[in-house]
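Structure first, commentary second.
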Amino acid sequence: MVAPALVLIPVLVLLPGLVHGGGIDLLKEFLQAAITPSLDPLVLGSAVSGLGVTVGIALLGWAASALLGLALALASSRQVWSSCCGQTWPANFLRRLLAVPRSIHELLWGLLLLQLIGLQPAVAIAAIAIPYAALVARVLSDQIDALPSGALAALRCAGVAAPQALVTALGPPLLPGLLSYGGYRLECALRSATLLGVFGLGGLGTELKLCLQSLEFHELWTGLWLLLAVMLLLETGLAGLRRRWLMPRRLGLGGLTFTPLGPESGAGTRGMGQTARPDDLGRRGREMVLALVVLGPLLVWLARAMGVQPLALLHWQPLPNLGGSSWASVLALPWPQLVGSTLLLTLVAAGLAVGLAPLLLLVIAPWPWARPLLQLTWALARLWPPPLSALLLLLLLKPGLVTAALALGFHNLGILGRLLLEASDDYQAPAEIALQGAGVGPRLALFYGRFSGLARSYLAYGAYRSDVMLRESVVVGLVGAAGLGTQLLESLSSFAWDQLLGLLVVYALLTLVGEDLSDRARLQLLAPA
Amino acid sequence: MPVAPAREPVLPNPGPGVSSQELPWLELSQITVPGRGRPRLDRVSLAIGGGERVALLGPSGAGKSSLLAVANGQLKPSSGSLRWLGAPPARSGRARRRQQARIGTLWQDLRLIEELSVQQNLNSARLATWGWPRALLNLLWPLDTAANREALAQVDLGAELLGQPVSALSGGQRQRVAIARLLRQDPELLLADEPLASLDPRLASELLQLLLDQVTPRRALLLSLHRPDLLAGFDRAIGLRQGQVLFDQPASSIGPADLAALYDGELPGSGP
């Protein structure tokens, strides 16, 4: 479990060579500014309004993707199709088709739509909604198909029409997974909305980037702390709802409930301790309906306030014609090198993120006071968009693959670290207590007693996360020499559409292969020993 | 696998409960379901009338489950004809669903919806006649409490279980809830595929009695049974062997010789 951290060794060896002079002072200044953020009303005001836009984009993008994703999930579920008309090929066909929007990162969607449509609030929302809807569709349809079909068949056999039977037999078992995955997606949407801002699609991200580039660290931290507050509020709120509605954790790392098909959802609802009071079941449903009733108008109001015009998405600017003469320039790109460095970047970042989370947990094991500190660090890492960390690292390091990998790894470390912490809190480890009773030190007891039980599902999640990192590697492309991502951004800004198209295809293919590999790794890890 | 020697098909006995004027509740004629090697059902014909309690006997693999799956419309036979209350399976979806709503199946694995409360599960039997609004409302609000309470009382369960999630019930309670759900469906034809297979002997005979008690002049029961010692409450028994009907006669007239022929002399699980 800690073995991926071995990647630290070459990184640490390379690091000193990359450090350039003068950076240390700037970094010190940056860290000092953390305690003294600017409280100027002007700065605060613009940060708050930027944050409002970011949250708005996240909420609207998330809502659109949830609706669209749910519809697509039903349409690509084999169980739904076989129950409604006895055929499954449309489901399989749609599944293949949805792999395309899924394989392209939301940042790329954002930049593409920006070129096609121009700067519109709707662009950022669509950029989040398109890939997210495809992801939601995949995860949910996998969950639907993994549900036992007995109750559905029984209802159908008793003469119930297909839609009512589906809602009654599959709705309730699907609900916990649906809600907790939806909550997780909302957290992701907030991160994505910030990231899109960094690339100029509006909101707080744009301001953060400007502050960083002009070295206004005090103002930067004003925005950062605000964003952190919103993110923690969202995360605690969602966790509260999850507890209230008796939902499993987003990822049943500690339990037996991790389903190999729904990667990040831990969709298992069976086997969760059912401690519902008798009248809880209907109440939960009523509360959810109420929440939906409140959410609907809120979203409409938000869209109005932000001046979102969905119809603007239909007005495309004319594409520059793809002259046949320049295909040679596509072929002339150094493909093996681009693909190779993208893969290397992903591997290094994945090794850092997957290996460091348990390693740091081990390091702090004897000191209870270090735990909140670690939690805060991970919260900052999650919230800090990778391109911003990359820019920050550039203050200290030379541009290159290692810098990009560090930025990407740090961000994912925040996500993995929090997950591991939650799972390890949930996990009942009598072995650890036994070891401690036998006088084994806290670190070793944690290592042998707790980690051994968590390792498989943690690594399985790590495999899934590596696949996400491959997709995300484009966002750190701006620090240069980072493979396909760098080349993509370059082609995009120079309007080299033919190159861009070639790069997108290769990138999508690479992502799909990576997804397949990570699925296999996960299935293997989660297979009963 | 050696192919079984061809056997003279036994002609169906119309059975004591079917009068000439009354249409049979369930009628299978010359039903064949193909299988690997030999057919799972081989030209099976039988008829069951209202008020009849019929047991289906046979060694495992004899085709009992296939026969019940054909009878409740889940399995389409390759040849032969099927009639429910005198009518063949309808072609249009709506009419077919109306037919299916009159057939109640007690599944061996019960097929309750674990995440829902007892009340919601009982109401799910009414979905065939309810429209969308009530189907959705059932997930949010307790509906038809009086009718559900009555159904529970008929299976000796208290109304305090209505709000419990099904997953919180004991094995015996679950069986009873499944039967209560059938009562809420109020079917004319009651089918049960080895409902007693995984139960302890005392619970098995209690539940069997409960099922037998549900038969009224306008309701028929066809139940596949793995223990011939429980035949007492049945009117009729049908012996199935290698996909063919071996005997079809009043339950009281079944003797050791019939059973020996059916099971090759090895009686399954007779007595604890």
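Specify which of the listed residues (B:Ser92, B:Ser60) is farther than 17 Å from B:Pro187 by Cβ, surrounded by fewer than 16 Cβ atoms within 10 Å (Cβ to Cβ), in contact (Cβ under 8 Å) with a residue 60 or more places away in the chain and more than 9 Å from chain A (Cβ to nearest Cβ). Steps first, answer last, please.
On the way: B:Ser92 fails: in contact (Cβ under 8 Å) with a residue 60 or more places away in the chain.
Result: B:Ser60 is the single residue among B:Ser92, B:Ser60 that is farther than 17 Å from B:Pro187 by Cβ, surrounded by fewer than 16 Cβ atoms within 10 Å (Cβ to Cβ), in contact (Cβ under 8 Å) with a residue 60 or more places away in the chain and more than 9 Å from chain A (Cβ to nearest Cβ).
Using beta carbons and a limit of 6 Å, which pairs, at least six apart or on different chains, have the first residue in the range B:148-166 and away from chain A (no Cβ under 12 Å) and the second one assigned to a helix (DSSP H, G or I) and not hydrophobic (A, V, I, L, M, F, W, C)?
Close Cβ pairs (under 6 Å, with a partner that is assigned to a helix (DSSP H, G or I) and not hydrophobic (A, V, I, L, M, F, W, C)) amount to B:Asn148/B:Gln119; B:Ala151/B:Arg184; B:Val155/B:Arg176; B:Leu157/B:Arg176.
Yes or no: the range A:159-178 includes at least one residue that is outside any helix (DSSP H, G or I), more than 26 Å from the chain's Cα centre (by Cα), of a type outside the set (A, V, I, L, M, F, W, C) and within 14 Å of chain B (Cβ to nearest Cβ). Lay out the reasoning, then the answer.
Kept after step one, since they are outside any helix (DSSP H, G or I), are these residues of the range A:159-178: A:159-161.
Okay, now just the ones that are also more than 26 Å from the chain's Cα centre (by Cα), so A:159-161.
Imposing the further condition that a residue be of a type outside the set (A, V, I, L, M, F, W, C) reduces the set to A:159.
Next cut, within 14 Å of chain B (Cβ to nearest Cβ) only: A:159.
Yes; the residues of the range A:159-178 include at least one that is outside any helix (DSSP H, G or I), more than 26 Å from the chain's Cα centre (by Cα), of a type outside the set (A, V, I, L, M, F, W, C) and within 14 Å of chain B (Cβ to nearest Cβ).
Taking the conditions exactly as written (away from chain B (no Cβ under 12 Å) and modelled with pLDDT under 85), does A:Gly150 satisfy them or not? Reasoning before the result, please.
Details: away from chain B (no Cβ under 12 Å): no; modelled with pLDDT under 85: yes.
No; evaluated as a whole, the condition is false for this residue.
Take the range A:393-442 and flag every residue that is among the basic types (Lys, Arg) and modelled with pLDDT of 75 or more.
A:Arg418
Facing another protein chain (nearest Cβ under 8 Å), surrounded by 18 or more Cβ atoms within 10 Å (Cβ to Cβ) and under 27 Å from A:Ser149 (Cβ atoms), is that true of B:Asn72? Walk me through how you get there before you give the answer.
On the way: facing another protein chain (nearest Cβ under 8 Å): yes; surrounded by 18 or more Cβ atoms within 10 Å (Cβ to Cβ): yes; under 27 Å from A:Ser149 (Cβ atoms): yes.
Judged against the criteria, B:Asn72 is a match.
Residue check, B:His226 against (1) touching a helix residue (DSSP H, G or I) at 6+ places or on another chain (Cβ under 7 Å); (2) in contact (Cβ under 8 Å) with a residue 40 or more places away in the chain; (3) under 19 Å from B:Arg53 (Cβ atoms), all met but one. Which one?
(1)
Search the range B:129-147 for residues that are in the same structural domain as B:Gln164 (by TED's automatic domain parsing) and within 24 Å of B:Arg102 (Cβ to Cβ) and pair each with any residue that is of a type in the set (Lys, Arg) and surrounded by 14 or more Cβ atoms within 10 Å (Cβ to Cβ) when their beta-carbon atoms are under 7 Å apart and the residues are at least 6 apart or on different chains.
Qualifying pairs under 7 Å: B:Leu143/B:Arg134; B:Ala147/B:Arg184.
If I ask for residues that are of a type in the set (A, V, I, L, M, F, W, C) and part of a helix (DSSP H, G or I), which ones from the range A:196-221 would you list? If you could, list the steps in order and put the result at the bottom.
If we filter the range A:196-221 for residues that are of a type in the set (A, V, I, L, M, F, W, C), which is where we start, we get A:196, A:198-199, A:201, A:204, A:208, A:210-212, A:215, A:217, A:220-221.
Correct list: A:Leu196, A:Val198, A:Leu204, A:Leu208, A:Leu210, A:Cys211, A:Leu212, A:Phe217, A:Leu220, A:Trp221.
Specify which of the listed residues (B:Leu143, B:Leu122) is outside any helix (DSSP H, G or I) and either closer than 28 Å to B:Pro228 by Cα or more than 7 Å from every other protein chain (Cβ to nearest Cβ) (or both). Give the steps one after another, and end with the answer.
Details: B:Leu122 fails: outside any helix (DSSP H, G or I).
The conditions single out B:Leu143.
If A:Val308 passes every condition in (1) crowded, with 16+ Cβ neighbours inside 10 Å; (2) among the β-branched types (Val, Ile, Thr); (3) at pLDDT below 85; (4) in a helix (DSSP H, G or I) but one, which one does it miss?
Result: A:Val308 fails condition (4) only.
Report whether or not B:Leu182 is closer than 30 Å to B:Leu23 by Cβ, modelled with pLDDT of 85 or more, outside the structural domain of B:Arg97 (by TED's automatic domain parsing) and in contact with a Gly (Cβ under 7 Å, 6 or more places away or on another chain). Even if it seems obvious, please write down each step before you answer.
Working: closer than 30 Å to B:Leu23 by Cβ: yes; modelled with pLDDT of 85 or more: yes; outside the structural domain of B:Arg97 (by TED's automatic domain parsing): yes; in contact with a Gly (Cβ under 7 Å, 6 or more places away or on another chain): yes.
In short, yes.
Kindly provide the set of residues from the range A:389-400 that are farther than 18 Å from A:Val354 by Cβ and outside any loop (DSSP other than H, G, I, E, B), ordered by number. Working first, answer last.
Filtering the range A:389-400 down to residues farther than 18 Å from A:Val354 by Cβ leaves A:390-400.
Once the filter is applied, which keeps residues that are farther than 18 Å from A:Val354 by Cβ and outside any loop (DSSP other than H, G, I, E, B), the range A:389-400 yields A:Ala390, A:Leu391, A:Leu392, A:Leu393, A:Leu394, A:Leu397.
Would you point out the residue of the range A:114-164, among those that are more than 30 Å from B:Ala95 (Cα to Cα) and β-branched (Val, Ile, Thr), that is surrounded by the fewest Cβ atoms within 10 Å (Cβ to Cβ)? Even if it seems obvious, please write down each step before you answer.
Here is the first cut: in the range A:114-164, the ones more than 30 Å from B:Ala95 (Cα to Cα) are A:114-143, A:146.
Applying the additional criterion that residues be β-branched (Val, Ile, Thr) yields A:117, A:123, A:125, A:128, A:130, A:136, A:139.
Details: A:Ile117: 17, A:Val123: 25, A:Ile125: 31, A:Ile128: 29, A:Ile130: 22, A:Val136: 26, A:Val139: 23.
If we take residues in the range A:114-164 being more than 30 Å from B:Ala95 (Cα to Cα) and β-branched (Val, Ile, Thr), then A:Ile117 is surrounded by the fewest Cβ atoms within 10 Å (Cβ to Cβ).
Any idea which of (1) more than 8 Å from chain A (Cβ to nearest Cβ); (2) surrounded by 14 or more Cβ atoms within 10 Å (Cβ to Cβ); (3) farther than 26 Å from B:Leu169 by Cβ is the one B:Pro133 doesn't satisfy?
(2)
What number goes with the only condition from (1) closer than 21 Å to B:Ile103 by Cβ; (2) of a type in the set (Gly, Ala, Ser); (3) surrounded by fewer than 20 Cβ atoms within 10 Å (Cβ to Cβ) that B:Ala178 does not pass?
(3)
Out of A:Gly118, A:Gly86, A:Gly56, A:Gly61, I need the residue that is in the same structural domain as A:Gly182 (by TED's automatic domain parsing), at pLDDT 85 or above, farther than 23 Å from A:Val476 by Cβ and out of contact with any Pro (no Cβ under 6 Å at 6 or more places or on another chain). Which one? Working first, answer last.
Details: A:Gly118 fails: at pLDDT 85 or above; A:Gly86 fails: at pLDDT 85 or above; A:Gly61 fails: farther than 23 Å from A:Val476 by Cβ.
Testing whether each residue is in the same structural domain as A:Gly182 (by TED's automatic domain parsing), at pLDDT 85 or above, farther than 23 Å from A:Val476 by Cβ and out of contact with any Pro (no Cβ under 6 Å at 6 or more places or on another chain) leaves just A:Gly56.
Inside the range B:200-226, can you point out the residues that are in contact with a Leu (Cβ under 7 Å, 6 or more places away or on another chain) and outside any helix (DSSP H, G or I)?
Selection gives B:Gln214, B:Val215, B:Arg219, B:Ala220, B:Leu221, B:Leu222, B:Leu223, B:Ser224, B:Leu225.
Answer yes or no: is there a residue in the range B:197-206 that is buried (at least 17 other Cβ atoms within 10 Å of the Cβ) and basic (Lys, Arg).
No, that holds for no residue.
The values are calculated or read from the model by the stated rules, or taken from the named source; none is laboratory data. Note that the structure is a prediction, hence the values are computed from the model and not measured. Cβ coordinates were reconstructed from backbone atoms using ideal geometry, including for glycine residues, and neighbour counts include every protein chain displayed.
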